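Heads up: the structure comes next, in structure tokens.
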Amino acid sequence: MADALRKPLSLQPKQHELLLAVLDRRPSAPSILGFGGARGSAKSGAIRRIALLLATGQQGVIIWIIRRVWDDLNKDHVMPLFTEYPELKPFYRAGNKELRFTNGSSIFFIHAGDTGRAKRKARGPQAHYIFLEQAEEFSQEEMEQLAGSNRAPGVPPGFCKRIFTFNPGGIGTNYLRRIFYLKEYRDNENPGDFLFIQGFGWDNYEWFRGLGIVSERDFYHSPAWDEERRFKVFVEQTDFGRKLNSLPPNQRIGELMGSFENFSGQYYAGVWEQSTLVLPPDLVARMIQPWWPRWLATDWGFSHYSATVWLATGLLSPAQIQEYFGVPA
């Protein structure tokens with residue numbers, strides 16, 4: 001099947017690094033791989049090409065490519081895949097959203113939908129390789145539940161892998177930041193299970209291709225094109241790089257620099273702990289007095305998730321503080 005591809009499969013250096021991590025068969029090899037950080041670091045291209053290499057190079061493997069919304073999945077993966085490799089169209093089964101190869105391997109394009117649908121998917125069939133793109137759009141629980149489907153009978157330890165590609169910002173960022181950037185592990189998490197490859201926009205030659213100032217080979221292999229020079233040209237001469245560089249500081253640090261420190265959308269990073277910051281409903285019901293003013297606030301979420309908050313304000317007596325919180329006023 002690999003011979004049937006008319007266009008050779010090529011990977012950028014960091015994409016190749018990710019492929020090597022996926023193919024690491026040691027029993028102790030990392031099984032949860034992170035890739036990305038900054039925008040424009042060729043995450044989608046890495047997923048498509050690595051998935052094709054895995055499917056055409058191995059017999060009978062099952063691969064999932066998951067995104068939250070089908071429209072995004074279709075535009076970022078299915079359509080570009082058939083634009084690059086139109087010879088694969090006869091192998092696509094639209095009803096199942098499956099690309100089935102003659103060697104028995106399949107790539108499934110899965111849109112997870114809402115949280116409930118994502119959970120049901122995680123309890124369903126099994127897959128050797130699971131690519132979760134824009135993983136920051138998924139909760140920690142959803143990401144962890146994929147472990148139940150990332151399995152296959154008869155394969156050795158270290159074979160099955162989950163690959164999370166992501167940018168800073170979104171409901172899953174605190175979890176991704178903790179396991180890949182801070183390397184802080186809890187409960188039964190094994191540090192050896194995790195590996196992160198930081199990607200930047202200036203790693204991606206496609207942004208430079210139209211400039212006509214450097215060949216792809218020299219871009220990656222010439223000493224004259226070190227990271228500092230690639231960054232400078234990216235933010236000064238490429239259209240996408242200039243746009244990212246002109247963002248407000250709290251967006252620029254995440255979208256251009258791929259930083260997991262202080263960026264837009266990281267509202268509670270490092271301080272949110274549900275068990276200590278969320279009060280039990282029965283306690284809240286007893287605490288709020290009938291005469292307290294109450295109101296509702298809504299952020300419609302035209303460019304992000306919507307949020308609705310119910311609020312009440314009032315004073316508690318020292319005795320109530322002692323009763324509700326167990327501490328002296």
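Limited to the stretch 117-138, what total is found for residues that are within 15 Å of LYS97 (Cβ to Cβ), open to solvent by 10 Å² or more (accessible area, probe 1.4 Å) and either at pLDDT below 55 or not in a helix (DSSP H, G or I) (or both)?
The total comes to 2.
So which of TRP295, TRP291 is open to solvent by 80 Å² or more (accessible area, probe 1.4 Å), modelled with pLDDT of 80 or more and part of a loop (DSSP other than H, G, I, E, B)?
TRP291
Among the candidates LEU176, LEU195, LEU244, which residue alone is in contact (Cβ under 8 Å) with a residue 60 or more places away in the chain and not in a helix (DSSP H, G or I)?
LEU195
Does ARG49 satisfy the criteria of being surrounded by 19 or more Cβ atoms within 10 Å (Cβ to Cβ) and not aliphatic (A, V, I, L, M)?
yes
Here are some conditions: (1) modelled with pLDDT under 85; (2) part of a helix (DSSP H, G or I); (3) of a type outside the set (Asp, Glu); (4) surrounded by 14 or more Cβ atoms within 10 Å (Cβ to Cβ). ASN250 meets all but one. Which one does it not meet?
Result: ASN250 passes all but (4).
Looking at the structure I just gave you, is ALA55 in contact with a Ser or Thr (Cβ under 8 Å, 6 or more places away or on another chain), over 24 Å from PHE180 (Cα atoms), among the aliphatic types (A, V, I, L, M) and modelled with pLDDT under 90?
In short, no.
The values are calculated or read from the model by the stated rules, or taken from the named source; none is laboratory data. Computed from a prediction, not measured in an experiment: that's the story for all the values here. Glycine gets a Cβ as well: all are built from the backbone with ideal geometry, and neighbour counts include every protein chain shown. Just so you know, the surface numbers come from the protein's heavy atoms only, side chains and all, with ligands and any DNA or RNA stripped out. Shrake-Rupley method; radii C 1.70, N 1.55, O 1.52, S 1.80 Å.
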